[in-house]
1. What is the dipole size for the range A:96-155, taken about its Cα centre, with +1 at each Lys and Arg Cβ and -1 at each Asp and Glu Cβ, in debye to the nearest 20?
2. Tell me the total accessible area that B and A bury against each other, 1.4 angstrom probe, in square angstrom rounded to 100.
3. Once the Cβ-Cβ distance between B:ASN166 and A:ALA55 is put in as r, and R0 is 45 Å, what FRET efficiency do you end up with, to the nearest 0.05?
4. Rounded to the nearest 0.05, what FRET efficiency is calculated for B:ALA124 and B:ALA173 with R0 set to 51 Å and r the Cβ-Cβ distance?
5. Once the label point is set 7 Å along the Cα-to-beta-carbon vector, what list of distances in nm do you get between A:ASN166 and its counterparts in the other copies?
6. Quantify how strongly other chains surround peptide A:136-148 by giving the mean number of their Cβ atoms within 10 Å of each of its Cβ atoms.
7. With a 1.4 Å probe and every protein chain left in place, tell me how much accessible area A:HIS175 has, in Å² to the nearest 10.
8. Ignoring solvent entirely, what values of log10 I(q)/I(0) come out of the Debye formula for the range B:65-199 at 0.13, 0.16, 0.21 Å⁻¹ when each Cα is a single scatterer?
2 protein chains.
Amino acid sequence: MKLHGAVQALGAFGVCAAIAVCSQYITRSTAQTAKEGHPEAGNNASPIYGITIPAGYRDWSVISVGHLAGRLAGGNVRQLRAQLGNDIAIRAFREGKLPFPYGAIIAAVHWNEVSSDGNNKVLADGFPGAGLQSSVAGSAENVQFMVKDSKKYAATAGWGFADFKNGKPGDEALHKTCFPCHLPAKDRDLVFAHYAPTP
Amino acid sequence: MKLHGAVQALGAFGVCAAIAVCSQYITRSTAQTAKEGHPEAGNNASPIYGITIPAGYRDWSVISVGHLAGRLAGGNVRQLRAQLGNDIAIRAFREGKLPFPYGAIIAAVHWNEVSSDGNNKVLADGFPGAGLQSSVAGSAENVQFMVKDSKKYAATAGWGFADFKNGKPGDEALHKTCFPCHLPAKDRDLVFAHYAPTP
């Protein structure tokens, strides 16, 4: 697996991490049905599922935030992440409603983590000796979506998946990894993210 | 400074970090004016500024996310953070508008970071040997607000500040630290957070 593909799939984690198994879960039949059912499907739509970037998703409410660190294909991976939900998804999270209802969409936004020299200077002045390190969201890595439609995506437990980098969807091989990766979360309707508490 | 107070002030960072100087910036006159001007001021309002928790802030849009790590008063500090904005603030960020207009409110939400065993297991299966570590938002630490009102908060460069833990505002000593801490960001109207890019 190339670094780019691996990192992008990783970017999916929290919504989708790549596991190169079980690609048979995504049948040709599913692919055709999803494509035919999505008038917007095309170059800007995810393979298999035919999902495009939902308008205005960047303004959706926060489900939770996360951090990912490690090494992959010889390179460091350090990401800051946020999971956002449309109104239907947020309501379901708050009410603890499972499975998620029709129309729920979860966005996983992944940024490359960068140290904030400006913040660190202020922290060093305010808390000398504490060694506090602040990092913030840097460049965008990718964004991923789970779209709930139990009929359209019946073959993948009711969820369609999509992974975009620079506004363009990843390839079919990448998208074949989404569903099997989410299977360990089957008791939570394939959703990894938990709703973060409100202070 | 006690651990609790220090951590809470830290929680403020990205919006407010504690620096035990310049408390004279917050004059008695400002305090009285702010209190009188806020009918909601009371036990649930921040000292000095009289700000209560804005309804529905948890659903506001994301400005950016961040991570904070270090040691403070002998304890480890590890936080995941999100800065949220009301519509006025988000618009100003997107348009690069400075200073922020009347009514802009920025919320800094701080959670204690917890490792996700569930995520890590999926990652270990999908990326063997990568040593990937996932952490997510755990318990809520605190939430802080900056409220723009150039007249009401004229003595503090147009911003009022508030810091809440478990729904209760911190004390006056804590709130005296907000404004001087933000002064290093005076070229950006005292706002540390940058708007994270949209993938």
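1. Result for the range A:96-155 is approximately 520 debye, rounded to the nearest 20.
2. Chains B and A together bury approximately 4500 Å².
3. After rounding, the FRET efficiency stands at 0.75.
4. On the way: r = 46 Å, r/R0 = 0.90.
After rounding, the FRET efficiency stands at 0.65.
5. For A:ASN166, the other copies' label points sit at 5.0 nm, shortest first.
6. 3
7. Using a 1.4 Å probe on the heavy atoms, I get roughly 0 Å².
8. Each listed q corresponds, in turn, to -0.68, -0.93, -1.32.
The values are calculated or read from the model by the stated rules, or taken from the named source; none is laboratory data. Please read all numbers here as calculations on a predicted model, not as lab measurements. Every residue, glycine among them, receives a Cβ derived from its backbone with ideal geometry; neighbour counts consider all protein chains shown. Areas reflect the complete protein model, heavy atoms only, side chains present, ligands, DNA and RNA absent. Shrake-Rupley method; radii C 1.70, N 1.55, O 1.52, S 1.80 Å.
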